[in-house]
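The values are calculated or read from the model by the stated rules, or taken from the named source; none is laboratory data. Everything numeric here is computed off the predicted structure, so don't read it as measured data. Cβ placement follows ideal geometry from the backbone for every residue including glycine, while neighbour counts extend to all protein chains displayed. Ligands, DNA and RNA are excluded from the accessible area calculation, which covers all protein heavy atoms including side chains. Shrake-Rupley method; radii C 1.70, N 1.55, O 1.52, S 1.80 Å.
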Amino acid sequence: MKPNFALSLSFEGIGLLHRAPSGWLLVGEVPLADDDMAGELARLAEVARLMEPQGILSKLIIPPEQIKYLAFETASRDPDIIEAQVRNALDGATPYALSELAYDWTAGAGMVYVAAVALETLWEAEAFGIEHGFEPVSFVAIPEAGAFEGEPFFGQSRHAQTIEAAPQVERDLEAVRVTGRAKLPQPKPAPKPE
């Protein structure tokens, strides 16, 4: 299963994206400075429910400032050896112990690309997504060009396991790319009195 929405978190605001064949479409944005941020997020969630009546499932896009990217050369093609190299490269590269990090890596052409984030950052993002009704099921990032191959995937959320009949979350090969604005559903007019 791939989530039908993505909630983009940043230090400026929150953006809701909807999956489309051409990429991702912007549904709406709420600045963090908005005096009624909770109310605006509730309205955004309601629009999402109108767009996908069968339910919202979202992946959370972690702010780039919260991600540690590393790259290094390797002569190995053995995933176990590369995994050990990744763990070695991350050890001491952040203020967190390895057990406090979620990370992803890709390898090709003699290079390994690593993205890591603190687990506490993921849990805070997950709590925010749940609180505002966006049903977060996984965590990802949008890397800058050359920092990572594909989409960094930090795993399934704990919340995903509580969603009834929610199958395993599949990762996307490509990072989120916004290709336009979503056509928002129009609310149904109230019936005319007889």
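Things to note:
- Residues that are modelled with pLDDT under 95 and touching a strand residue (DSSP E or B) at 6+ places or on another chain (Cβ under 9 Å), drawn from the stretch 21-36: SER22, GLY23, LEU32, ALA33, ASP34
- Set ALA84, ALA93: member being in a loop (DSSP other than H, G, I, E, B) and of a type in the set (A, V, I, L, M): ALA93
- Residues in the stretch 103-154 that are under 10 Å from the mean Cα position of the chain (by Cα), of a type outside the set (A, V, I, L, M) and open to solvent by 10 Å² or more (accessible area, probe 1.4 Å): 2 in all.
- Count - residues of the stretch 89-100 that are out of contact with any Phe, Trp or Tyr (no Cβ under 8 Å at 6 or more places or on another chain) and in contact (Cβ under 8 Å) with a residue 24 or more places away in the chain: 2
- In the set ARG77, ARG19, only one residue is free of Cβ contacts under 8 Å to residues at least 40 places away in the same chain, open to solvent by 60 Å² or more (accessible area, probe 1.4 Å) and in a strand (DSSP E or B); that residue is ARG19.
- Test for ILE130: is it assigned to a loop (DSSP other than H, G, I, E, B) and under 23 Å from GLY13 (Cβ atoms): no
- Only one entry of VAL86, VAL27, VAL47 meets the criterion of being among the β-branched types (Val, Ile, Thr), closer than 24 Å to ILE142 by Cβ, surrounded by 14 or more Cβ atoms within 10 Å (Cβ to Cβ) and free of Cβ contacts under 8 Å to residues at least 40 places away in the same chain, and that entry is VAL86.
- Single residue of the stretch 155-194 satisfying the filter (in a helix (DSSP H, G or I) and at pLDDT 90 or above) that is least open to solvent (accessible area, probe 1.4 Å): ALA160
- Taking the stretch 155-178 as the range and being of a type outside the set (A, V, I, L, M), under 21 Å from ALA20 (Cα atoms) and under 13 Å from the mean Cα position of the chain (by Cα) as the test, the residues that pass are GLU170, ARG171, ASP172, GLU174, ARG177.
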